[in-house]
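A quick write-up on the structure given underneath.
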Amino acid sequence: MEHIIISGNKPLKGRVDISGAKNAAVAIIPATLCAGGVHTIENLPQIEDVRNYITVLESMGASCEFLDDHTMRVDARNVSSTVNMPENLKGMRASYYLIGSLLGRFKKAVVPMPGGCNFGSRPIDQHIKGFEALGAEVIQEHGSIFVTAERLVGTKIYLDVASVGATINIMMAAVYAEGETILENCAKEPHIVDCANFLNMCGANIKGAGTGVMRITGVTPTDMKDRDYTIIPDQIEAGTYMIAAAVTGGEVTVRRVIPKHMEALSAKLQEMGCDVFAGDDWIKVRGKEELKPTTVTTLYYPGFPTDLQPQMTALLTQGNGTSYVTETVFENRFQYIDQLARLGAKVKIEGRMAVIEGQARLTGADVTATDLRAGACLVVAALAAEGNTQISNVHYIDRGYENLEEKLTALGANIRRISDGEPPLVALEA
Ligand code: UD1
């Protein structure tokens, strides 16, 4: 087991290049199966979730070849519609995209039930509702989902919740459906647009991605062409570094980002008193000695992303008053608060709201990441804390952050990774 050790209380300074978006990558990789053919995907982040997805694709007969660290050619011509998920990957959340992509291409998919980060019940009823509306029969038994259709026929589908996963999944299932599929109340997140752009570049006919209504006109597999596609930058990784700059009173430029994707966070950082400057593909955040408190409510895009809620909560412990964070997307996403409290945060949970007392004195301690963004929250808090923090369950953080230690070290952080058995809290000079 590995741990991250951070000796904090040091302003971060410099520039950091943001990797490709995790949530776009884990949609576009399975979308290559839907498209069929041979495709080259550029700007793939080197993270655990991507490596795991590649393992799954290979186990299905796809060939995945890295042309460089971030560019992969996928040959998806000969893949099976049954996913024999390697045992250790059975809990993978984004495996649900295999259902839509295989159903679209083969009218048949057998996929183990998806797992995922440990917050809320995370149902997939909206995905299933969409598949059934297109004409598929969906059976869940023995831990797998069996989906088959004689024909897939376009229709109007209204999502009861604007689910990212359901939007992408139904979109993929509808690529070859006869006629037009109209998806209403769909999610608008940037990675939905990215996945639609990839499929459209290959020959699909998807209109309205990024708005609340999408129209997918069915094409035939022979319309699809082999393509090169570049994944967008990771909104959440960029946001994590912006928050890290603010919490340490530092000055950091995140490069290779789409500033429009960061507007909700930039606005909140400005409300807290930070300076935020944006160019074409960069944002600079300058923290301040004194930060103001604020209120944050997580929402679907373009609202404040739930995936930045834990990191933002860590930052708000340093406001000069009480802040309020309301989580509306997931029902149980404050599980990390106990760990944050070990570092000195004073947070009370009242239903879906966290009440955060400001000006907490954060001091290093042993803490455990309970999921990916909870891990990022602890990293942010540790960067501001006096003394050494040791974070366990690093595998969660590795799911979504490429070269975290290298990137933070380049910004002046005192951080390293140790394995079990190495001396723990003396590993870094304070
Ligand atoms: C995706 C992101 C995740 C992010 C989340 C919200 C990926 C791989 N993951 O997750 O990082 O935190 O969006 O921005 O892109 N829901 C239902 N029924 C369904 C589907 C969802 O009730 O069939 C509910 C969920 O319980 C949740 C809400 O809808 O309360 C949003 O979930 P959803 O947008 O589907 O999240 P994911 O796609 O799982």
Item to check | Angle between the chain longest axis and helix 22-35 axis [Cα atoms, degrees, rounded to 10] | outcome: 10 degrees
Checklist entry - Per residue, how many Å² of accessible area does the stretch 163-218 show with a 1.4 Å probe? => result 27 Å²
Checklist outcome for this item: On each of the three principal axes the extent of the alpha-carbon atoms of the chain, given in whole Å and largest first, is 63, 43, 41
Item to check | Rounded to whole Å, sorted largest first: equivalent-ellipsoid semi-axes of the stretch 209-329, Cα gyration tensor | outcome: 34, 18, 10
Item to check | In Å, descending, principal axis extents of the Cα set of the stretch 40-188 | outcome: 42, 34, 32
Item to check | Crossing angle, helix 190-202 versus the chain [Cα axis fit, 0-90 degrees, rounded to tens] | outcome: 30 degrees
Checklist entry - Rounded to a whole number, what % of the accessible area of the stretch 48-148 do carbon and sulfur atoms account for, probe 1.4 Å? => result 45 percent
Checklist outcome for this item: Phi angles of the stretch 394-400, converted by Karplus (6.51 cos²θ - 1.76 cosθ + 1.60, θ = phi - 60°) into ³J(HN,Hα) in whole Hz with x for Gly and Pro, give 5, 4, 5, 5, 5, 4, x
Item to check | the stretch 1-103: proportion of alpha-carbon pairs further apart than 24 angstrom, % | outcome: 30 percent
Checklist entry - Which shape class applies to the stretch 248-317: rounded if a/c is under 1.5, otherwise prolate when a/b exceeds b/c and oblate if not, where a ≥ b ≥ c are the square roots of the Cα gyration tensor eigenvalues? => result oblate
Checklist entry - Just in the stretch 289-383: which trypsin sites (Lys or Arg not before Pro) are loop by DSSP and have at most 15 other Cβ atoms within 10 Å? => result Arg361
Checklist outcome for this item: Quick shape check on the stretch 284-430: root eigenvalues a ≥ b ≥ c of the Cα gyration tensor, a/c under 1.5 is rounded, otherwise prolate if a/b tops b/c, else oblate, and it reads prolate
Checklist entry - For labels at Asp420 and Asp226 in the simple 7 Å Cα→Cβ model, what's the distance in nm? => result 4.5 nm
Item to check | Equivalent ellipsoid, the stretch 189-258 (semi-axes from 5 times Cα gyration tensor eigenvalues, Å) | outcome: 35, 14, 6
Item to check | Candidate lysines for bridging to Lys284, where Cα separation is under 26 Å - those fewer than 8 sequence places away on the same chain excluded | outcome: Lys10, Lys13, Lys22, Lys188, Lys260, Lys268, Lys292, Lys407
Checklist entry - On average over all directions, what projected area in square nanometres does the stretch 121-229 have, based on the convex hull of its Cα atoms? => result 7.1 nm²
Item to check | the stretch 1-18-the stretch 19-39 distance, computed between alpha-carbon centres (Å) | outcome: 30 Å
Checklist outcome for this item: Note to self: with every protein chain in place and a 1.4 Å probe, the stretch 1-98 gives an accessible area per residue in Å² of 36 Å²
Item to check | Whole-angstrom gap from the stretch 147-172 to the stretch 279-301, using each part's C-alpha centre | outcome: 35 Å
Checklist outcome for this item: the stretch 287-414 accessible area per residue, 1.4 Å probe, protein heavy atoms, integer Å², reads 36 Å²
Next on the checklist: With a cap of 13 neighbouring Cβ atoms within 10 Å, and only residues DSSP puts in a loop, list the GluC sites (Glu not before Pro) found in the stretch 191-284.
Outcome noted: none
Item to check | Zone residues, the stretch 224-264, relative to Glu289, backbone N less than 16 Å from point 7 Å out along Cα-to-Cβ | outcome: 248-251
Next on the checklist: Residue by residue through the stretch 160-173, what is 3J(HN,Hα) from phi via Karplus (6.51 cos²θ - 1.76 cosθ + 1.60, θ = phi - 60°)? Round to whole Hz and write x for glycine and proline.
Outcome noted: 6, 10, 7, 7, 4, x, 5, 4, 5, 5, 5, 4, 5, 5
Checklist entry - How do the peptides 222-230, 130-138, 26-34 rank, highest first, by the average count of neighbouring beta carbon atoms within 10 Å per residue? => result 26-34, 130-138, 222-230
Next on the checklist: With +1 assigned to the C-beta of every Lys and Arg and -1 to the C-beta of every Asp and Glu, and no other charges, what is the dipole magnitude of the stretch 100-225 about the Cα centre in debye, to the nearest 20?
Outcome noted: 240 debye
Checklist entry - Any idea which of Thr240, Met201, Met262 is furthest toward the positive side of the dipole for the chain, if Lys and Arg beta-carbons carry +1 and Asp and Glu beta-carbons -1? => result Met262
Checklist entry - Could you work out the helix-only [θ] at 222 nm for the chain, with each DSSP H run of four or more residues adding -39,500 (n - 2.57) and the total divided by the number of residues, to the nearest 500 deg cm²/dmol? => result -9000 deg cm²/dmol
Checklist entry - Taking the Cα atoms only, what angle lies between the long axis of helix 48-59 and the longest principal axis of the chain, rounded to 10 degrees? => result 20 degrees
Next on the checklist: Give me the dipole magnitude in Debye, nearest 20, for the chain about the Cα centre, with unit charges on the beta carbon: positive for Lys and Arg, negative for Asp and Glu.
Outcome noted: 600 debye
Next on the checklist: Could you identify which residue out of Gln140, Gln318, Gln335 has the top mean-square fluctuation in a GNM of the chain using Cα springs shorter than 10 Å?
Outcome noted: Gln140
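The values are calculated or read from the model by the stated rules, or taken from the named source; none is laboratory data. As the structure is a computational prediction, the values presented were derived from the model and not from experiment. Quick reminder, even Gly has a Cβ in these numbers, built from the backbone with ideal geometry, and neighbours come from all protein chains shown. Please note that ligands, DNA and RNA were not included when accessible areas were found on the heavy atoms of the full protein model with its side chains. Shrake-Rupley method; radii C 1.70, N 1.55, O 1.52, S 1.80 Å.
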